[in-house]
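Worksheet: the structure to be examined is printed underneath.
The values are calculated or read from the model by the stated rules, or taken from the named source; none is laboratory data. These numbers were taken from a predicted model, which means no experiment stands behind them. Positions of Cβ are backbone-derived with ideal geometry, glycine not excepted, and every protein chain shown enters the neighbour counts.
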């Protein structure tokens, strides 16, 4: 029974992999899964190698896909990009609200790679499915927690229409999160919005083992 189940899962995975490969645009690199090749450490100058090692961390292997891999084509930018992201991850707003802000940025730019990586992260951080679905399906915020609703409404004001945040909502954010927290939340949305634009530019594809979780908007 167990062997049959494993075999069935392997067949399913193989079929999905073949389908993904067949549907990839012609300009997608087979290793990076985007329009740019993977950056090799030995092609960089000394400062580039230092930054590569910083991005790679203890494993010694920098990401091949996603923002970490793409930004290495501009090492100095990659370093700053990584430093900002890591600082925001340590924000006093906490992991739950960080992940909500990341999802907001990803959704506003229809970024499948980013969303499909952060929705499971949000679940692990304790974000309720109702909150995730309010972002995912562009639903109203009625019935959500005050902090969650405030972040979602902030994102919608900043990314849509005239891109201005009204005074009342800013004051509410400061009351709920403090001045630093309100600023960090805003910067996190912007950070993931920027990453989404970057990934859309290079047409980043999903790895074969990552399920697409963001519905395609028509």
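Looking at segment 158-176, can you tell me whether even one residue there is surrounded by 16 or more Cβ atoms within 10 Å (Cβ to Cβ), closer than 29 Å to residue 70 by Cα and either touching a residue at least 40 places away in the same chain (Cβ under 8 Å) or not assigned by TED's automatic domain parsing to the domain that holds residue 80 (or both)?
Yes; the residues of segment 158-176 include at least one that is surrounded by 16 or more Cβ atoms within 10 Å (Cβ to Cβ), closer than 29 Å to residue 70 by Cα and either touching a residue at least 40 places away in the same chain (Cβ under 8 Å) or not assigned by TED's automatic domain parsing to the domain that holds residue 80 (or both).
Might you let me know whether segment 194-208 holds any residue that is touching a residue at least 40 places away in the same chain (Cβ under 8 Å), part of a loop (DSSP other than H, G, I, E, B) and closer than 16 Å to residue 102 by Cβ?
Yes, because at least one residue in segment 194-208 is touching a residue at least 40 places away in the same chain (Cβ under 8 Å), part of a loop (DSSP other than H, G, I, E, B) and closer than 16 Å to residue 102 by Cβ.
Of all residues in segment 55-84, which are free of Cβ contacts under 8 Å to residues at least 40 places away in the same chain and outside any helix (DSSP H, G or I)?
Correct list: 60, 61, 62, 63, 64, 74.
Assuming residue 97 fulfils every condition listed in (1) without any contact (Cβ under 8 Å) to a residue 12 or more places away in the chain; (2) assigned to a helix (DSSP H, G or I) apart from one, which condition is it?
It fails just one condition, (1).
Can you give me the number of residues within segment 14-52 that are exposed (fewer than 14 other Cβ atoms within 10 Å of the Cβ), over 23 Å from residue 201 (Cα atoms) and modelled with pLDDT of 95 or more?
6
Which condition from (1) within 21 Å of residue 67 (Cβ to Cβ); (2) over 18 Å from the mean Cα position of the chain (by Cα) is the one that residue 190 breaks?
That leaves (2) as the condition not met.
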